[in-house]
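Undergrad: One structure, pasted below without further comment.
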Amino acid sequence: MHPAVGKMQTLSDPLDPARAAALHATLALGGAAPGMGDPLPPFFHQVYFWEALPPAHLGRDGHPKTGAFIPDLGLPRRMWAGGRLAFAAPLRAGIAAEKTTTIEKVAQKQGRTGPLAFVTLRHEIRQEGALCVTEWQDLVYREDPDPAAPQPSAPAAPAGEDAAEEARFSPTLLFRYSALTFNGHRIHYDRDYCREVEGYAGLVVHGPLLAQLLMLMATRHLGPLKTFAFRATAPLMDFESATLCRTGSTLWVRGPDRRQCMTAEAET
C-alpha cells in the first residue's frame, strides 16, 4: 500500500448563495437561482471548498503541485478520469459545510502509451453535522505526449437515444467555469499550452462540466439523484459541439464525429 493512502485534509465553506447563482447563470439554467437555504442542484458543490494556494505552490499546469497532499508519482499530466457520487441529502445554500478528503487509493501501472498513475480521493461533505454527499474522484497521471506517436482512437458513441440535447462550449464558458471552481488547469484556458505541451488540438472542456450537464439532464428526466457515476472516455475541444444523450438511466456525451466523450449511470 502506498504511504499516502489514508491521508486526510478538511476544508470549510459558508456555501455563499452568490456563487451558486453565478454557476446557475454560467450554465444558462432557467428559473430562479438557489437562494439562502435553498437546496443546491447536484454537483454544485464544485464551486465551493476552494484551496487557494500562492503561485509557488502550483505546478506547471496551474494545479497545486504534487508532493504535498497528493503524492508526486513522477508523471506531469493530470486528468480527472471519472467519479462516483452518493447523495444522502441536498446541500443548502448559505449554510456552512465541511468537506473531508481522504486519499483512498494510489496505484501505478504500465498502459498502452506508457506509465500511468491512479489516485482516488474520497470527499465527504457534511452540513450541520449530517453527511450530505460522498464523492469519489478518480485522477490519472501520465507522461507528456510523444508527437510522433499515433493518437489513441476514441470509442464510438451509441445512437438511438431516448432524449438528446445539443451543447456548445465557448472559451468564455470554460473560463467562467474554471474561475467558479477555482480550477487553474491551463488546458481549459491556455491554448498555446494545450497545443505545445499537452498535445491537444484546442481548449479542453472540463470533464466535471460535462458531468454537471449530464447530472442536470438526469435530474430533469428522472428526478432527484441517489447516485451518479461517470467516466471520461475522450477529450472534447472548445470548438466542437456535443450531444448530451440519455436512454433510461444511462447517459453519455457524443462528440461531433460520433465519438464517445463520457459515459454515466444515474440512480434515482
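The values are calculated or read from the model by the stated rules, or taken from the named source; none is laboratory data. On a predicted model such as this, the values are computed, not experimentally measured, just so you know. Positions of Cβ are backbone-derived with ideal geometry, glycine not excepted, and every protein chain shown enters the neighbour counts.
Undergrad: Those residues that are small (G, A, S), in a loop (DSSP other than H, G, I, E, B) and either touching a residue at least 60 places away in the same chain (Cβ under 8 Å) or over 22 Å from F230 (Cβ atoms) (or both), I need them from the stretch 68-106; list them, please.
TA: A68, G74, A93, G94, A96
Undergrad: Is it the case that Y193 is in contact with a helix residue (DSSP H, G or I) (Cβ under 9 Å, 6 or more places away or on another chain), among the hydroxyl-bearing types (S, T, Y), within 20 Å of S170 (Cα to Cα) and outside any helix (DSSP H, G or I)? Steps first, answer last, please.
TA: Numbers: in contact with a helix residue (DSSP H, G or I) (Cβ under 9 Å, 6 or more places away or on another chain): yes; among the hydroxyl-bearing types (S, T, Y): yes; within 20 Å of S170 (Cα to Cα): yes; outside any helix (DSSP H, G or I): no.
It is false that Y193 is in contact with a helix residue (DSSP H, G or I) (Cβ under 9 Å, 6 or more places away or on another chain), among the hydroxyl-bearing types (S, T, Y), within 20 Å of S170 (Cα to Cα) and outside any helix (DSSP H, G or I).
Undergrad: Residues being more than 22 Å from T120 (Cβ to Cβ) and aromatic (F, W, Y): count how many of those fall in the stretch 186-243. Steps first, answer last, please.
TA: Looking only at the stretch 186-243, we keep the residues that are more than 22 Å from T120 (Cβ to Cβ), and these are 186, 188-203, 205, 213, 216-224, 236-243.
Next, from what is left, pick out any that are aromatic (F, W, Y): 189, 193, 200, 239.
Count: 4.
Undergrad: Still on this structure, please answer the following. Have a look at A154, A164, A88 and point out the one that is at pLDDT below 95 and among the aliphatic types (A, V, I, L, M).
TA: Just a single option satisfies the conditions, and that option is A154.
Undergrad: From (1) surrounded by fewer than 16 Cβ atoms within 10 Å (Cβ to Cβ); (2) assigned to a loop (DSSP other than H, G, I, E, B); (3) aliphatic (A, V, I, L, M), pick out the condition that doesn't hold for L11.
TA: Here L11 meets the rest and fails (2).
Undergrad: Consider K65 against the criteria (1) farther than 26 Å from W252 by Cβ; (2) in contact (Cβ under 8 Å) with a residue 60 or more places away in the chain; (3) basic (K, R): it satisfies all of them except one. Which criterion is unmet?
TA: K65 satisfies every listed condition except (2).
Undergrad: Using the structure shown, decide if R246 is free of Cβ contacts under 8 Å to residues at least 12 places away in the same chain, more than 16 Å from the chain's Cα centre (by Cα) and not in a loop (DSSP other than H, G, I, E, B).
TA: Considered against the rule, which asks whether it is free of Cβ contacts under 8 Å to residues at least 12 places away in the same chain, more than 16 Å from the chain's Cα centre (by Cα) and not in a loop (DSSP other than H, G, I, E, B), R246 comes out as no.
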